[in-house]
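The values are calculated or read from the model by the stated rules, or taken from the named source; none is laboratory data. Fair warning: this is a prediction, and the values are worked out from it, not measured in the lab. When we count neighbours, we look across all protein chains shown, and the Cβ atoms used for this are built from the backbone with ideal geometry, even at glycine. Only protein heavy atoms, including side chains, enter the accessible area calculation; ligands, DNA and RNA are left aside. Shrake-Rupley method; radii C 1.70, N 1.55, O 1.52, S 1.80 Å.
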Amino acid sequence: MTRMVASLSALLLSIVFLVSGNAFLMTLLGIRLSIEEVSPDIIGWILVCYSIGFVVGTLYVHRIIGRVGHIRAFAVFAAMAAAAALLYPMAVSAFFWAALRVLSGFSVAGVLVVIESWFSSRATNSNRGSMFAVYQIVFYLSAAGGQLVVNVGNPADFLPFSLAAILLTLAVIPLSLTRMEAPAIEHTNRMSVFKLARESFSGVAGALVSGVMIGGFYALGPVYATLVGLDVGKTSTFMASAIVAAMLLAWPMGRICDFFDRRRVMFWVALMACSAAIGVAVVGAESLLILTLLVGLFTGLSATLYPIAVAITNDRMDSNRIVAASATLLLSYGIGSVIGPITMAELVNLLGPSGLFYGNAGFLILLAVITRYRITQTDDVPVNEQEHFVPAMPEASAVLSEIDPRNEEFCESPEAETMQEEMRSAH
């Protein structure tokens with residue numbers, strides 16, 4: 001494990017800079033828009049543009065990478081994201097910022113496709129499970145750390161945006177200096193959302209609602225914290241704790257999913273997350289400790305909906321269709337992440353800060369009803385025939401699903417064989 005991490009240190013360091021800078025910027029924008037007294041519904045429309053850009057990026061950045069190569073494409077995408085970060089404070093305009101969010105989403109999608117392509121090319125049948133886990137741990141810890149950087153500087157000043165741009169630019173350095181060979185460009189197959197829904201409606205619905213929950217919270221969470229009176233320091237802790245909770249709940253939920261029917265697990269997770277959301281809406285900021293615990297429970301459970309949806313779908317898929325199904329589930333999640341900020345922003349505008357969590361509770365109840373209905377209409381997959389649960393992460397591109405340990409069609413690349421030889425030589 002240590003040698004594997006050392007061999008991927010350039011990739012991991014680039015991920016740390018990129019994800020922390022991007023997460024920091026997302027929270028910073030929500031706080032800054034609240035300081036500028038922009039209405040929540042307008043904030044929702046501005047911030048949802050990131051998800052739109054990200055979804056478009058995952059569909060089209062392969063063409064750019066194929067034309068100029070991985071390292072040049074990575075530099076271009078990172079530079080675009082850094083430039084956008086510097087442009088925000090120059091003109092606080094809804095249309096200008098919305099355009100910048102589209103650019104940011106597209107750029108981050110491109111950077112992740114490059115990084116995950118490298119991860120996939122270095123994976124072998126013996127290490128891809130470990131690589132899959134290491135990637136996710138580094139990603140979540142970097143996102144949580146990025147929230148804490150919000151404490152640096154006044155969000156109304158230029159300095160925090162400059163810091164975000166610096167972090168995004170620093171991501172270019174490790175990969176630019178790496179001696180690893182660029183991986184081959186591979187096209188990821190997809191199946192239509194409707195076709196996948198006919199085979200696993202619960203999986204598609206779970207991915208969609210997970211996108212609504214996570215997309216809505218990441219966009220409106222800082223706005224909610226500002227509206228209920230939390231200062232910048234408490235807001236950063238509030239957001240960081242939510243991300244850490246998502247990482248911590250992944251393992252125990254995986255254990256549960258390996259011993260019980262996964263649709264029933266999704267049903268109960270949706271109800272528990274709904275209860276936590278209602279608790280947040282009722283309690284508000286009366287107790288910061290209770291608020292943080294309830295929000296952590298809500299976001300942690302909501303984040304597990306996506307990997308459960310992937311597991312439900314993969315249990316009904318042939319191994320040679322897992323990557324295509326995963327790509328479609330990511331698209332479903334992306335659609336949800338577009339719906340979430342817009343819907344939740346309108347509810348916050350109508351009901352006040354609690355509208356964010358009442359809206360989330362409504363979507364979770366809908367998911368519970370859909371899941372319960374599907375349980376009564378279709379047969380369960382026997383527990384002993386279920387695939388081993390893997391905590392899939394939605395904040396990624398479809399490339400990462402290629403090294404999913406459940407993908408039996410995985411083929412080792414020449415780069416992976418070179419990596420194995422290097423590690424044997426070091427040993």
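Per the listing Ile35, Ile15, Ile31, the residue uniquely modelled with pLDDT under 90 and open to solvent by 50 Å² or more (accessible area, probe 1.4 Å) is Ile35.
Could you go through region 70-85 and let me know if any residue there is more than 13 Å from Leu220 (Cα to Cα) and either among the basic types (Lys, Arg) or in contact with a His (Cβ under 9 Å, 6 or more places away or on another chain) (or both).
Within region 70-85 (the criterion being more than 13 Å from Leu220 (Cα to Cα) and either among the basic types (Lys, Arg) or in contact with a His (Cβ under 9 Å, 6 or more places away or on another chain) (or both)), the answer is yes, since at least one residue qualifies.
For region 309-316, check the following and say yes or no: at least one residue is farther than 25 Å from Phe357 by Cβ and open to solvent by 10 Å² or more (accessible area, probe 1.4 Å). Yes, that holds for at least one residue. Being surrounded by fewer than 22 Cβ atoms within 10 Å (Cβ to Cβ), within 30 Å of Tyr373 (Cβ to Cβ), under 20 Å from the mean Cα position of the chain (by Cα) and not polar (S, T, N, Q): is that true of Trp251 here? When the stated conditions are applied, Trp251 passes them. Going through (1) under 20 Å from the mean Cα position of the chain (by Cα); (2) touching a residue at least 60 places away in the same chain (Cβ under 8 Å) one by one, Gly66 falls short only on (1).
Yes/no matrix, rows are residues, columns are (1) without any contact (Cβ under 8 Å) to a residue 60 or more places away in the chain; (2) of a type in the set (A, V, I, L, M, F, W, C); (3) open to solvent by 20 Å² or more (accessible area, probe 1.4 Å); (4) part of a helix (DSSP H, G or I):
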position	(1), (2), (3), (4)
Ile256	yes, yes, yes, yes
Val269	yes, yes, no, yes
Met272	yes, yes, yes, yes
Ala303	no, yes, no, yes
Ala325	no, yes, no, yes
Gly334	no, no, no, yes
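Checked against (1) closer than 20 Å to Gly254 by Cβ; (2) modelled with pLDDT of 90 or more, Asp404 passes all but condition (2). Scanning region 229-244 for residues that are touching a Leu at 6+ places or on another chain (Cβ under 8 Å) and closer than 18 Å to Ala281 by Cβ, we see that the one that is surrounded by the fewest Cβ atoms within 10 Å (Cβ to Cβ) is Leu230. Filtered by the rule that a residue be over 15 Å from Gly300 (Cβ atoms) and aromatic (Phe, Trp, Tyr), region 246-284 gives Phe259, Phe260, Phe267. For region 210-219, the condition holds for at least one residue, the condition being that it is within 12 Å of Leu330 (Cα to Cα) and at pLDDT 80 or above.
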